[in-house]
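Data block below; observations after.
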Amino acid sequence: MTTAPAVYAIHENPDWFGPFRDAFEAEGVPLVEWLLVDGVLDLDAAPPEGVFWSRISASSHTRGHARSKDYARSVLSWLESHGRRTVNGRSVIELEMSKVAQLTALRAAGIDTPRTVAVIGTHNLPAAAQDFPTPFVIKHNQGGKGISVRRFDSADELARAVEAGELDEPEDGIMLLQELLVAAEPTITRVEIVDHELVYAVAADTARGGYQLCPADACAIDPDTGALLTPPGATIAPEPDQQLFRLREGFDHPLVAQYVDFTRRHGIEVAGIEFIETVDGRAVTYDVNTNTNYNAVVEAAAPASGPRAIARFLGRELATLYATV
């Protein structure tokens, strides 16, 4: 830790952080990375001075950091008890960790979401699926990167998969049974918001990206072999130098105003929110990413940079709080 006020980035995955590190350096904003993979937290001590930005991910357990989520809950509770400025703080982490929390909050805000049943215990999935419209998908309540998402065409097919032990147990014990959304075009849209303002929107290729549409460059390759990944749900194998993400130029959609209002209501200050435009004319929101990443190709084409928008925003917060320091 440092003694001078700084922006503290609380995270657990250095592979995702490079573009942010560069952005803070370019904007001249002092930055300290706080990796929450282990450590000691003295509850009787006062936190350092600064602005604390949480980037803890629901998928941290897939990188061997299953405890980072609870570490973050403890750290953010401690920081906020001392009145420190947190960005995507203690309440927001609960939205990051639970798709049930996201979907219920979105529905309460009047935003269309997929029909969903939360199932406690994988063994209960076949019974829950008996009267559910087919085809459908299942996914973990606590996921990220599209892990665990799988399509089934019938309840019997799902029952066979459960009986065969093919399904990974969810981290929190909750599986989601969800309607299969059929896109009018094989894309989803991700709306990037910083400080309750639209930065830009991204179109992602679901034919090649399937269910795994993490925009960070590190998500596109196997960490052990370096080979390109063909994600679950993809119908076309990706090829070298083929881009899954592109800027949606001139993006203007009624959902933007709803998303901005939603982020204000829930204290979310950095987010990437995803929706699908379906064959039957719906615009269905299905995911709220509060540890959003940015794609390098999109960043090169965009009129504004996501990481630099974050760096400027947090730099302003830091300067406002410590103007006389």
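The values are calculated or read from the model by the stated rules, or taken from the named source; none is laboratory data. Given the structure is predicted, the values throughout are model-derived calculations rather than measurements. Note that we place each Cβ from the backbone using ideal geometry, even for glycine, and neighbour counts take in every protein chain shown.
Can Val260 be described as at pLDDT 95 or above, surrounded by fewer than 21 Cβ atoms within 10 Å (Cβ to Cβ) and of a type in the set (A, V, I, L, M)? Before you say what the answer is, go through the steps one by one.
On the way: at pLDDT 95 or above: yes; surrounded by fewer than 21 Cβ atoms within 10 Å (Cβ to Cβ): yes; of a type in the set (A, V, I, L, M): yes.
It is true that Val260 is at pLDDT 95 or above, surrounded by fewer than 21 Cβ atoms within 10 Å (Cβ to Cβ) and of a type in the set (A, V, I, L, M).
Out of Arg63, Arg73, Arg67, one residue alone is closer than 19 Å to Pro170 by Cβ, at pLDDT 95 or above, surrounded by fewer than 19 Cβ atoms within 10 Å (Cβ to Cβ) and not assigned by TED's automatic domain parsing to the domain that holds Ile147. It is Arg73.
For the range 261-294, the candidate set comprises residues that are under 11 Å from the mean Cα position of the chain (by Cα) and charged (D, E, K, R); within that set, the residue that is farthest from Met97 (Cα to Cα) is Glu274.
Filter the range 255-276 down to the residues that are within 13 Å of Val92 (Cα to Cα) and of a type in the set (Gly, Ala, Ser) and list them by number. Write out each step before concluding.
Here is the first cut: in the range 255-276, the residues within 13 Å of Val92 (Cα to Cα) are 262-271.
Hits for the range 255-276 are Gly267, Ala271.
When each of Ala203, Ala234, Ala184, Ala220 is tested for being modelled with pLDDT under 95, of a type in the set (Gly, Ala, Ser) and out of contact with any strand residue (DSSP E or B) (no Cβ under 7 Å at 6 or more places or on another chain), the lone residue that passes is Ala234.
Over 23 Å from the mean Cα position of the chain (by Cα) and of a type outside the set (Asp, Glu): does that describe Gly89?
Working: over 23 Å from the mean Cα position of the chain (by Cα): no; of a type outside the set (Asp, Glu): yes.
Judged against the criteria, Gly89 is not a match.
Would you confirm whether or not the range 4-12 contains a residue that is buried (at least 19 other Cβ atoms within 10 Å of the Cβ) and assigned to a loop (DSSP other than H, G, I, E, B)?
Filtering the range 4-12 for residues buried (at least 19 other Cβ atoms within 10 Å of the Cβ) gives 6-12.
Applying the additional criterion that residues be assigned to a loop (DSSP other than H, G, I, E, B) yields 12.
Yes, there is a match, as at least one residue in the range 4-12 is buried (at least 19 other Cβ atoms within 10 Å of the Cβ) and assigned to a loop (DSSP other than H, G, I, E, B).
Every residue, every condition in (1) buried (at least 19 other Cβ atoms within 10 Å of the Cβ); (2) closer than 17 Å to Asn295 by Cβ; (3) touching a Ser or Thr at 6+ places or on another chain (Cβ under 9 Å); (4) modelled with pLDDT of 80 or more, yes or no:
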{"site": "Asp172", "(1), (2), (3), (4)": "no, no, yes, yes"}
{"site": "Thr189", "(1), (2), (3), (4)": "yes, yes, no, yes"}
{"site": "Gly210", "(1), (2), (3), (4)": "yes, yes, yes, no"}
{"site": "Leu213", "(1), (2), (3), (4)": "yes, yes, yes, no"}
{"site": "Asp241", "(1), (2), (3), (4)": "no, yes, no, no"}
{"site": "Phe251", "(1), (2), (3), (4)": "no, yes, yes, yes"}
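Pairs are defined by a Cβ separation below 6 Å, a sequence spacing of at least 6 or placement on different chains, a first member in the range 2-18 that is more than 22 Å from Asn293 (Cα to Cα), and a second member that is assigned to a loop (DSSP other than H, G, I, E, B); the pairs so defined are Pro5/Glu49; Pro5/Tyr322; Pro5/Val325.
Restricting attention to the range 282-301, the residues that are touching a residue at least 40 places away in the same chain (Cβ under 8 Å) and either outside the structural domain of Ile188 (by TED's automatic domain parsing) or part of a helix (DSSP H, G or I) (or both) total 5.
Selection over the range 21-63 of residues that are over 19 Å from Asn293 (Cβ atoms), small (Gly, Ala, Ser) and either within 23 Å of the chain's Cα centre (by Cα) or assigned to a strand (DSSP E or B) (or both) gives a count of 1. Taking the range 151-189 as the range and being touching a Pro at 6+ places or on another chain (Cβ under 7 Å) and free of Cβ contacts under 8 Å to residues at least 24 places away in the same chain as the test, the residues that pass are Phe152, Asp153.
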